[in-house]
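Notes to accompany the following structure.
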Amino acid sequence: METTCIPKDKAKHIRQAVVVIHGMGEQRPNDTLNAFVELAIGNTQTPSDQDPIIFSRPDKVSNKYDSRRIQLRETDQNNQTEFYEYHWAHLMEGSKVAHLWPLVKLVMLKPFWCLPLRLLPFWFMFWLLIMSSLYGAYIMWQTGAELNLPNLLGAIGLSGIAVALIPQAFKAINYFGTSYLADVARYVDSRPTNQKVRDKIRSELVELLCGLHQSGRYSRVIVVAHSLGSFIAYDAISYLWARINKLHATATPTENPKYEQLKKLEQLGGMLSECEEECHKAKANFQIAKHKTKEPREKYRAQQREAWVEKRLSGNPWLITDFLTFGSPLAHAQTLLATDRASLRRKQDKFELSRCPPSREPFANNQWNGDTWYSWENSKGHRVLYHAAPFALVRWSNFWFPTDWFAGPLAPNFGYGIEDHELKSDPCANKIPLLSHTQYFSHGANDKTLPFVETIRNTLNLNANSWLPDTLGSPQPDPITQDDTGKK
């Protein structure tokens, strides 16, 4: 991959890209994108006598005819935001009920005490349905029924109702299973029959992110994912990082050669990991652990900005600064990606999976004066973060509704460097189990009444001028080949 994202001359224009990845189900192109844009910036409806707030333009990166690039009108001369969507639903075409079996076996056939608390409603509903059906059949077989006219007419009536309703029920179950849950089942199940579609989904997102890096257009990239999209985005960030983490535009460091900001980040990450380990030994629940790790987490997340800027100034082309997940099933990763939380942590410590903060490298010859570290020094004098440490530089924030059984906090599974936000609000749809999973991007116009919308916008932090140096600004667009300033 070419490192073309660093301009030769100091640029005054800061441009950033937001990539939105939709969740499970038969999603239509740009629906999730438009909903998130309204959530991110407020009501996008513009009075006829005013200039447009947003512009919808062709997506020149993904080369998909249905994909659009939504450009936000500049509020000042140093900030421009463009939104992309990665649409992958069409790649899951052909799902069948049979694809659900691995997921059923993974969750429903386990003892309930081995499951995360938020999956227990699914387990109990499944087995209640099975056992009640078997019990009903047993009672009918044991007791029988006297053959008379009322019983005969009742049986005929019930049979008619059953003939009418049972097929519809099966259709509903089939639709929900094949159109929604089958996406999760096929993506998390690594058997050969699913490998092709898994690789295709991930590779297209990696190439989209890679294209944004190579375009020379952006100073910063933000990744936003809903539901199963968070699985896909997590994988793509990890894979793209492994391509980029060793790259530098200069042969030898020219700025910040001592990597002081990175060293400080590793020290703060070590303090956060130690605090997390203490909470684990004390068997503290999530709320207690979140409270105890609050101060080291805030320091670590603030330092991630400084370390990211330092790495960019050293010539590394990594542009992704933030990862925002909404309603993420990664909350159940201990069941979906491993057998329990201990085995999930072993995968992370073997660098098979990434966490935040990263697991410590085991090779003591690269250690910095006894401090914790995630990096090593190459022959040119650059400090290189290892292949499983993308979340040393990428700030990870997670949002979920308490009634969303598919989601939950991610810090217990992936580290307390993640800022978890439990969203509470008045709309009834947000309080209904299952339905709340679809409501995360449904409140853009209600920013005055829903306080959590402001929390999301503050985390997104589109006003990057407050911390992003002009020296990392992207080049101005070429007026001959593209006019993307949003001005008439």
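The values are calculated or read from the model by the stated rules, or taken from the named source; none is laboratory data. Keep in mind that what you see is a predicted model, and the values were worked out from it rather than measured. Here Cβ is always computed from backbone atoms with ideal geometry, including for glycine, and neighbour counts include all displayed protein chains. What goes into the accessible areas is simple: the full protein's heavy atoms, side chains included, and nothing from ligands, DNA or RNA. Shrake-Rupley method; radii C 1.70, N 1.55, O 1.52, S 1.80 Å.
Would you kindly find the accessible area of I288, with a 1.4 Å probe and non-protein molecules such as ligands, DNA and RNA excluded, rounding to the nearest 10 Å²?
Its accessible surface works out to 80 Å², give or take rounding.
Tell me, what ³J(HN,Hα) does each residue in segment 203-216 have, in order and in whole Hz, if you take phi through Karplus 6.51 cos²θ - 1.76 cosθ + 1.60 with θ = phi - 60° and put x for Gly and Pro?
So the Karplus estimates, Gly and Pro as x, are 5, 5, 5, 4, 5, 5, 5, 5, x, 5, 5, 7, 5, x Hz.
Considering amide H positions built from the backbone, and no H for Pro or chain starts, which residues 5 or more places from Y86, or on another chain, come under 5 Å of its amide H?
V20, I21, H22
Taking amide hydrogens as modeled 1.01 Å from N in the peptide plane, which residues meet the under 5 Å criterion relative to I320, leaving out close sequence neighbours?
The list, which skips near neighbours in sequence, is V221.
Net charge near T459, counting Lys/Arg +1 and Asp/Glu -1 over other residues with Cβ under 12 Å of its Cβ? Intermediate results must be reported in sequence, preceding the final value.
Working: positive: R301, R395, R457; negative: D322, E419, D420, E454.
Taking every Cβ under 12 Å from that of T459, the sum is -1.
For N316, what charge total do you get from the other residues with a beta carbon under 10 Å from its beta carbon, if Lys and Arg give +1 and Asp and Glu give -1?
Residues close to N316 contribute a combined charge of +3.
Rounded, prolate or oblate: which one fits segment 182-331, using the alpha carbon gyration tensor with axes a ≥ b ≥ c (rounded when a/c is under 1.5, else prolate when a/b beats b/c, else oblate)?
Since a/c reaches 1.5 but b/c is at least a/b, the shape of segment 182-331 is classed as oblate.
Suppose accessible area is computed on protein heavy atoms with a 1.4 Å probe; arrange I41, I222 from highest to lowest.
From most accessible down to least: I41, I222.
Please list F406, F326 from largest to smallest accessible area, probe radius 1.4 Å, with all protein chains kept in place.
Ranked list, largest accessible area first: F406, F326.
Set the Förster distance to 41 Å, then compute FRET efficiency between S56 and L435 from the Cβ-Cβ distance, nearest 0.05.
0.90
Taking amide H atoms as placed 1.01 Å from N in the peptide plane, list the residues 5 or more away in sequence, or in a different chain, whose amide H sits under 5 Å from that of R57.
Placed amide hydrogens put R69, I70, Q71 under 5 Å from R57.
Leaving ligands and nucleic acids out of the surface, order Y259, Y65, Y239 by accessible area at 1.4 Å, largest first.
Y65, Y239, Y259
In whole Hz, what ³J(HN,Hα) sequence does segment 350-360 give by Karplus (6.51, -1.76, 1.60; θ = phi - 60°), x for Gly and Pro?
Listing the rounded values in order: 8, 6, 6, 10, 8, 9, 9, x, x, 5, 7 Hz.
With the contact rule set at Cα under 8 Å and sequence spacing of 6 or more, what percent relative contact order holds for segment 256-332?
In percent, rounded to a whole number, it is 42.
Quickly work out the H387-to-D31 label distance, labels modelled 7 Å from Cα along the C-beta direction, and quote it in nm with one decimal.
Modelled inter-label distance: 3.8 nm.
Could you give the length gained by full extension between K258 and K350, i.e. 0.36 nm per residue of separation minus their alpha carbon distance, to one decimal place?
That pair, K258 and K350, stretches by 30.3 nm at full extension.
Using a 1.4 Å probe on the protein heavy atoms only, what accessible surface does T403 show? Give it in Å² to the nearest 10.
30 Å²
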